[in-house]
Structure formats: C-alpha cells, structure tokens
1. Determine, yes or no, whether A:Cys64 is surrounded by 22 or more Cβ atoms within 10 Å (Cβ to Cβ), in contact with a His (Cβ under 7 Å, 6 or more places away or on another chain) and either among the polar types (S, T, N, Q) or in contact (Cβ under 8 Å) with a residue 24 or more places away in the chain (or both).
2. Can you tell me how many residues within region B:288-321 are within 23 Å of A:Cys64 (Cα to Cα), of a type outside the set (S, T, N, Q) and within 14 Å of chain A (Cβ to nearest Cβ)?
3. Find the residue count for region A:94-110, including only residues that are within 13 Å of another protein chain (Cβ to nearest Cβ) and surrounded by 21 or more Cβ atoms within 10 Å (Cβ to Cβ).
4. So is A:Val41 among the β-branched types (Val, Ile, Thr), under 16 Å from the mean Cα position of the chain (by Cα), more than 14 Å from chain B (Cβ to nearest Cβ) and closer than 30 Å to A:Gly215 by Cβ or not?
5. Could you name every one of the strands (runs of 3 or more DSSP E) located completely within region A:144-234 that has at least 1 residues being touching a residue at least 60 places away in the same chain (Cβ under 8 Å), under 18 Å from the mean Cα position of the chain (by Cα) and closer than 21 Å to A:Cys109 by Cα?
6. Conditions first: (1) at the interface with chain B (Cβ under 8 Å from one of its Cβ atoms); (2) part of a strand (DSSP E or B); (3) not small (Gly, Ala, Ser). A:Lys83 passes all but one, so which condition is the exception?
7. Could you run through region B:290-301 and say how many residues are assigned to a loop (DSSP other than H, G, I, E, B) and either touching a strand residue (DSSP E or B) at 6+ places or on another chain (Cβ under 6 Å) or without any contact (Cβ under 8 Å) to a residue 60 or more places away in the chain (or both)?
8. Could you pull out the residue among B:Gly223, B:Gly265, B:Gly236 that is touching a Cys at 6+ places or on another chain (Cβ under 9 Å), without any contact (Cβ under 8 Å) to a residue 60 or more places away in the chain and within 27 Å of B:Thr184 (Cα to Cα)?
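What follows is calculated from the coordinates using simple rules that are stated; it is not laboratory data. None of these values were measured; they are calculated from a predicted model. Because the Cβ atoms are built from the backbone with ideal geometry, glycine has one as well, and the counts that use them run over all protein chains shown.
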Amino acid sequence: MSARTLTIDGKQISAEKGASVLQAATEAGIKIPTLCHLEGVYDVGACRLCLVEVKGINKLLPACTTRVAEGIEVTTNSERLNKYRRMTLELLFAERNHVCAVCVANGHCELQSLAYGLGLDHVRYDYIFPRWEVDDTHRLFGMDHNRCILCTRCVRSCWHIEGAGTKNVAGRGAKSKIITDLNQKWGDSESCTECGKCVMSCPTGALFKKGSAVGESERDRTKLEFIVNAREKKQWNA
Amino acid sequence: MQIEDLNAIAEKHIGSRKKIIVRTCMSAGCMSSRADAIKKNLETAVKEQGLDAEVEVRRVGCMGFCGQGPLVGIDGVKEKEILFEHIKPEDANAIIASLKGVESNLEIGDPDHPFFAKQTKIVRANGGIIDPEKIEDYIAIGGYEALHNALTEMQPAQVVEEVTKSGLRGRGGAGFPTGLKWGTVAKSPGAKKYIICNGDEGDPGAFMDRSVLESDPHLVLEGMAIAAYAVGADQGFLYVRAEYPLAISRLQIAIKQAKALGLLGAGIFETPFNFNVDIRIGAGAFVCGEETALMMSVEGKRGTPRPRPPFPAESGLFGCPTLINNVESFANITAIIKKGGDWYASIGTEKSKGTKVFALTGKINNTGLIEVPMGIPLRQIVEEMGGGAPDGRKIKSVQTGGPSGGCIPAEFLDTPVDFESLAKLGSIMGSGGMVVMDDTTNMVEIAKFYMEFCKDESCGKCIPCRAGTAQMENLLNKIIARQATQRDLAKLEELCDMVKNTSLCGLGQTAPNPVLSTLKYFRNEYEELLQPDKFGPAATATK
C-alpha cells in the first residue's frame, strides 16, 4: 500500500507514503504557515512556524519534516499553535531591523503577510536594533542583512538548484550571517553564477535586484527640463 | 594477538614493577599547577637518593581530589596509600626522603576521608592508578580481556542482552536505556554502521569526560570496540572538543598503541571482527554535543542539529545506522561484560542503575571528581563528601545538569540522586556537573548566567532558540537592573514556555530550565527586584 490515510483538522485525507504532513495538508487545501519551507529544495524544519499537534505525541512536530503515517490525527490550527506562531514572528521583528515602509519587499513579503494573517499588530519585545551592513557590491543584486531572517532558503537553492555553492551561513546564534564564498563581498565572488535564484527564494527583502530599492527610486527630472528647453529654444539638430 | 599474548604482556609488565610506586597526577588540573615539573623533580630525587632499584615514579591520570591538587600518591610503603596534597615541584626531595622515614611537614591527605570512602568506582577505577600513556599498564589490570571475552565467547546479541540487563542508561544527560539503543542499531538494516563516542563535554563546571579520557583512554576504546561488535559496526569516531588537548593527545597515543598490538584494526584477536577508531576534533561549539549536530560536524558540515526522527540509530552519520553514546556510557561497558549485567544492576536504584561521575564545583570545600552509586542522597555528596560550603556559609542550592538543568534548593538535599528524582524537582541528571551555591548567591544572576550561555551557544538555526534566548536574557537583565515590572516577568515566563515547546533541538528545548527552576523555588528573589507597573496589572496572554 503506497497511500496513507490520516486526519488533518478533522478532515480525513489520503496522502502518498513518504509525503510530509505539510504536503498532505497543502493537497487537501489546508494552509499551514511556513517561512523556511520552499518548494523545490529540501526542508530543514528551522522556522518552527509549521509546528503542528499530533494526537498522542506530547511534542509539537514540524509539518515540513514529519512524514505522514497511517491514522495519525493532526491539528494545524489551535490557540496554542497560533500563539507560538505569533510569538515567533514577534521575535523575528524584534531581532533585526524590519522596516516595511522602506523595504523593497513591502507588499510582497512573506514575513509581512504572515504577520497580517495571524493578526499581529504590535511587538511586545524590545527591539534589538543590531547594526548590520548592506552588501551592494554585486553588479545585479544586493543583500541587506537587516532584513534577513536566516531561513537559509537562498543557501539551499544556491547549493541544490543552481549547484554553485556560493551562499552559506557563518557565525552562531543571533550573530549568524548569510555569507558569500569565504565571507567575501558578493561582488568579489568567483563562484556566483549571477543566476538570481537566491533572490527568487528570499521571503523578505533581504535579497533584492538592484534598482528596486526605495533609495534607488530617485526621479530623474533633468530630462524633462532638457526637452522643454530644447523645444522652446529650438535647439534641435535638424 | 591472542589471549596468551595479552596475558604475557600483563605478566611481563607486572614483573617489571618496583616495590614502591610514586604516582603523580598528570591530568589537566594538576598539570596547570606544574605537575610535569613535579614528576621530573621526583625522578631526579629518586636517582639522587639512590632509590632507583625500588622506587618507580609513575605518571597517572586524575586522582579526583582536584581542589587539593597537585596530588602525589605513594603505594607500597604503608598498607594504605599515602596521599600528598598541594605539592610544589620543590617538595620532590622531601617526598622521596619520606620514603626512608625522614619526617616532612608536607600536607598529607586522609585516604579514609568521606570524599574517597563514599565512592564506588567503576568508570574511574583506574583513574589515578595506571599510566594513561602506557597500554601495558591497562593490560596489566585486565584491560582488553572484556573485548576478548565478547569476541570469542559471546554472540553480538548476547552482548546487547548483557548491556540491557545491566540497566545502564545514557550518561550524556537524557538517560536513554543504552541496551535499547544498542539493540535498535543492531537491528537496523545496513551494511555500513558507525559508532560515535560523544566527548564534546561542554556544560559549565563539568569535567567528568575529560578526566576519563585523560586518565583511562583505553577503557573508552575498549567499550567502543565491544559496542561495535554488538551492533555490527567497523568504524568508530571519537568526537572530542579542541579545548581538551591533553585528552586528544592521550587518545592518539592510545589508538596508536592499540593498533600496534592488533587490539584495534583488522582481525582483532584473530576473529573476523574489524574495528578502527578515528578522532574528530570539535571547534568549540556547545551545540555539537547534540547528537545530530555532532554528526553534521563529523561529516565536515556546519554543526547544526536536524529534526529527529529519523533517529541516528536508523539514519545517522552519512545516512547509515549509527550508535552514539557518551564517554562515560562507553566507560561502563567493560565492567558490565566482565562482571555481568546482573552485577551492574545490583548497584543503584530501581530505575537508575550503576554509578555516576560528578564534577563537584562551586561554593564547596572539596572540589573534584567523585563517582557515587545512583540513589545516594544529595546531602551526602555536598555535606559529607564535599564538606559543605566554605567560610561556614550555608548551602542554598545545587545546580545539576548544566545549562539544561535546574537549581535544587537546600530543602531538597535529602533527595536521592537518580534520573527520576532529579526530574521531579525540575532539574535533570545531565552529564554530571554539580555546582554548589551558598547563601550569598543571587539566583536571578545564576539564571541570567545560564541564559547568556545558551544565547551565545545557540547555533542560530531555529528562531525560538536564537531570538528567544536573546529576549529572555534581555528580560533577565532588565529584572536585575530593577527596570522590570510584573508584565516583564509574565513575558519571561511565556517565552520560557514557548522556547521549551517549539525549539528544534535539546539545547533550545532545555534552555529555559535554569529560569524555570529558579522561578519555581526562588520566585521571591525575582519579585523583590520588580518595579510597580504604571499601567496596572499584568496582561499575560499574547492577546
């Protein structure tokens, strides 16, 4: 038998043997919040947002790395789970400098949408306001560590989809940092293929295409003046 | 190598021994107080005083009474050993002269002191007696006989059976039944299996495993070899932290010697059993003591944990079934094989068998390493063996289990030391750190110390541990600085619950324990520091 039947949020569903609880839920139209999960790369169970309750097991299990089993009863949506999820997001917002108003991802940010979805309207923890630099040395892309949530999606897609192995994690704890090659400037990277998969993977505005940043959206009005001047003073090169 | 050869080595070595043996502790603690100079001076003194023929100066591992070190013990003069304490290199002449009956005013310890008398030694039986750098010393006291017996007289399943019968539980902290773990690995299908010895001891104040590795490296190697035979593995890794250079160098010597004699390698004791051991040196991350992070590190990757299941017994190192045990667990194996599981199970309590090594430190008179039977009341350890707190102070609390453990208040000192009783009090057995605190200790500061440790050592992979510990430390700092209110305390408690239940690995899941246990027993110390809340009573829940 290659299928397993299980219950998720009271709904009886069947899933392929070896599928994750997250896959099974998604197929059945049940949405579980995720941040580090990315379709196409392997799961690491790091963000803890997809934690679910399984009847008979006193530990919470990450839906992304837990395999379906016959007859298990999964709860993905409970007061306790949502409280933990809100706290996780609060911790993330307080950890680095997430300022939606000036972010390239504003309106397209998974962190932001999750917070809206879970009704998070304020953060009760002290903001840490760490100092993180922006690496804008790459020709096409930039990395703003202030907005990084260390989900490692970029690292995984760089290694396992592109196969370049440019991105990695250095440091420990809150000082962990996504690095390029051996902690070099991205612009100096010899292994980067400029494929942009890391930028596609990023759930927030930490990785972005150059030109899209708020600071870069300056309006160049000199051209208007040039045209008006040219017209009025008949400065055309006939 | 056959058993006759092993016996021949033992006999020859015993025959070459001199009448009097002067044992110099050369473990890391005593070494830092110039034990190497002491040994050198003792050797010179023996020569100069013409006692070459009857006196042997021997390098030994940890004698246990570290607070009184450097230590020199003498056998063969009186019925009991003579123990010199607080020895300096310039005392060497006087020590050797005392062998000829010359009186000295050196500090002599009491071998009947409760610190020694109350111990039951299995793991540390040879510590402070044999030379850890000489395999002959180990063979002379019956070393590698257990491996021979296992290989030639027992089926792998019988070895597992014996370990199961002994009731041994993992000494790394969690107390998982060792026999059950071995049985699972033995039954896991796979042509290639691995043995890992976890020597990444990192709890503040803990030095049990270091001492075992420095004092008796062959005991651990033999235990690993027996385990490999039992589960069907042929490759072992000893993961030792880089902060233990002496342990690493003694292990390297031990592995080389064992290989030279054919006690490791191919066709051990002329059976088809092959077993090799390699050392892997950790780069100083506490989290690498967590088994899945340790395996990542052995594989050469960034040492971060991964979710379990799959458990290492099923899919571990390089995806193969892997048996991973702590140093002390492996160190118990030879005794279990030699004397039987029933004998081992006769020591200790109903659910916690055998002995446990503790590193007794903090505000206590006698610091050092002790090995006691499970179930011994905590009071006997700290008051009788440890001699109570210095300067006539009162003991306030005992911290067990390191950053994953908790603080046990003095009113529970009569609790027996076993896995269940400590867990019931909100602490854990842990790997064996025991830090004693007297009545001058502020428990909020203690909680903050451990929280800071966990924050610094968090690997950064999962959010609750990485960002949660940082916020908890921040809240503790606010409380200590008298800037916090009931509201902040409620936030701290809420975070404890969240980090405990949502973190990925054991480090995060247990990081709140020092806060939870001090809140349980010393809540008043927190509340005394709180300020009135301007905005009225505390709101507890998120919403």
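1. yes
2. 15
3. Counting residues in region A:94-110 that are within 13 Å of another protein chain (Cβ to nearest Cβ) and surrounded by 21 or more Cβ atoms within 10 Å (Cβ to Cβ) gives 3.
4. Against the criterion (among the β-branched types (Val, Ile, Thr), under 16 Å from the mean Cα position of the chain (by Cα), more than 14 Å from chain B (Cβ to nearest Cβ) and closer than 30 Å to A:Gly215 by Cβ), A:Val41 does not qualify.
5. Result: A:207-209.
6. (2)
7. 3
8. Answer to the check: B:Gly236.
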